[in-house]
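Working notes, beginning with the structure itself.
The values are calculated or read from the model by the stated rules, or taken from the named source; none is laboratory data. Note that the structure is a prediction, hence the values are computed from the model and not measured. Glycine gets a Cβ as well: all are built from the backbone with ideal geometry, and neighbour counts include every protein chain shown. The accessibility values were calculated without ligands, DNA or RNA, using every heavy atom of the protein model including side chains. Shrake-Rupley method; radii C 1.70, N 1.55, O 1.52, S 1.80 Å.
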Amino acid sequence: PKAYAMDINQGPIESAIKNIENYGLSEKIQAIKSNGLEKLEPEKADTIIIAGMGGELIVNILENGLAKLENCSRPVKELVLSPHKRGDLVRKYLEEHKWHITDEKMLIDMNKFYTIIKAEKGQESYPYSETELLYGRILLDRQDATLKKYLDKENAKFQKIKQKMIENQSKDLLEVEKILEYNRVGRESYD
């Protein structure tokens with residue numbers, strides 16, 4: 001029945017207000033200038049959506065604002081998160097804070113890959129492997145076609161990087177080889 005559109009910057013808030021008014025949703029959506037979840041009052045939301053930023057910032061927003069929204073009489077029950085990068089950090093945070101990932105989707109828009117993670121509070125799961133943290137256990141288990149395209153693209157990219165590093169005798173080759181190994185394990189789930 002009610003939604004809150006929140007952003008730290010005034011420009012996006014003004015844009016949201018215009019869109020809310022244009023669609024006649026002023027009674028249902030309130031725009032609030034807020035640093036993350038700071039100004040969201042407890043018991044006002046059962047689902048939180050955080051999208052359009054990297055995994056580090058998503059984790060920072062959750063760390064700084066989620067506790068007050070969980071420890072009340074009507075706590076947040078569901079998170080929908082879309083990290084543009086470093087989804088592994090988001091999955092690790094969820095695992096460590098007893099949020100169970102119940103669904104994941106990966107899509108391509110304008111040649112960019114996006115992951116959407118849905119998590120619910122209070123359900124425990126077994127620990128994620130490094131490969132599952134990077135690519136998503138559900139996506140791997142489902143043998144998601146979009147994830148396969150992503151894995152193949154990343155493999156080609158890092159193979160080229162590895163070759164250049166070998167040619168330049170780079171000392172950071174181990175990090176690239178580690179990424180390629182996680183990628184190999186992810187691609188093997190499709191065999």
Applying 1/(1 + (r/R0)^6) with R0 = 45 Å to the Cβ-Cβ distance of LYS44 and GLN169, what FRET efficiency is obtained, to the nearest 0.05? 0.20
Take the residue pairs LYS2/LYS98; LYS68/LYS92; LYS98/LYS178; LYS33/LYS98; LYS18/LYS85; LYS149/LYS171 and return only those whose Cα atoms are more than 23 Å apart. LYS2/LYS98; LYS98/LYS178; LYS33/LYS98; LYS18/LYS85; LYS149/LYS171
Gained length - THR146 relative to ILE8, 0.36 nm times residue gap less alpha-carbon distance: 46.5 nm
Summarise the long-distance tail of P(r) for segment 1-46 by giving the % of C-alpha pairs beyond 12 Å. 59 percent
Do any of LYS77/LYS148; LYS112/LYS164; LYS39/LYS118 go past 28 Å between their Cα atoms, and which? LYS77/LYS148
Sum up the charges of everything whose Cβ sits under 14 Å from the Cβ of LYS33, counting Lys and Arg as +1 and Asp and Glu as -1, but leave LYS33 out. -2
For the chain, percent of DSSP beta bridges that are antiparallel (nearest 5) comes out at 55 percent
Per residue of segment 15-25, in order, report the coupling 6.51 cos²θ - 1.76 cosθ + 1.60 (Karplus, θ = phi - 60°) as ³J(HN,Hα) in whole Hz, putting x for Gly and Pro. 5, 4, 4, 4, 5, 4, 5, 4, 9, x, 10
Could you give me D for segment 113-153, from Stokes-Einstein at 25 °C and 0.890 mPa s, where the hydrodynamic radius is the Kirkwood radius over C-alpha pairs? Units µm² s⁻¹, please. 215 µm²/s
Over segment 88-178, one equal point on each Cα, no solvent: what is log10 I(q)/I(0) by the Debye formula at q = 0.10, 0.17 Å⁻¹? -0.34, -0.82
Ranking by accessible area, most exposed first, for ILE58, ILE138 with a 1.4 Å probe: ILE138, ILE58
From largest accessible area down, sort TYR126, TYR135; use a 1.4 Å probe on the protein chains. TYR126, TYR135
Taking the alpha-carbon distance from LYS105 and a cut-off under 15 Å, which aspartates and glutamates remain once sequence neighbours fewer than 8 residues away in the same chain are dropped? ASP88, GLU132, ASP141, ASP144
Heads up, I need the accessible area for LEU57: 1.4 angstrom probe, whole protein in place, Å², nearest 10. 90 Å²
Under a 1.4 Å probe, counting only protein heavy atoms, THR102 has an accessible area in Å², nearest 10, of 50 Å²
Rounded to the nearest whole number, the Stokes-Einstein translational diffusion coefficient of segment 135-187 at 25 °C and 0.890 mPa s (Kirkwood radius, C-alpha pairs) in µm²/s is 209 µm²/s
Between ASP109 and LYS28, what is the label-to-label distance in nm when each label sits 7 Å out along the Cα-to-Cβ direction? 1.9 nm
In square angstrom, what is the accessible area per residue of the chain with a 1.4 angstrom probe? 62 Å²
Given all pairs of distinct Cα atoms, the chain yields a Kirkwood Rh in Å of 18.5 Å
Hey, can you grab everything whose amide H is under 5 Å from the amide H of MET53? Only 5+ residues off in sequence or another chain; H modelled, so Pro and N-termini drop out. HIS84
By the Kirkwood definition, with r running over pairs of different Cα atoms, segment 54-114 has a hydrodynamic radius in Å of 12.7 Å
Would you list LYS148, LYS153 from the most to the least accessible area, probe 1.4 Å? LYS153, LYS148
Tell me, what % of the accessible area of the chain is carbon and sulfur with a 1.4 angstrom probe? 49 percent
Subtracting the Cα-Cα distance from 0.36 nm times the residue separation, let me have the gained length for GLU130 to GLU181 in nm, one decimal. 17.3 nm
Hey, what D do you get for segment 14-94 in µm²/s if you plug the Kirkwood alpha-carbon radius into Stokes-Einstein at 20 °C and 1.002 mPa s? 155 µm²/s
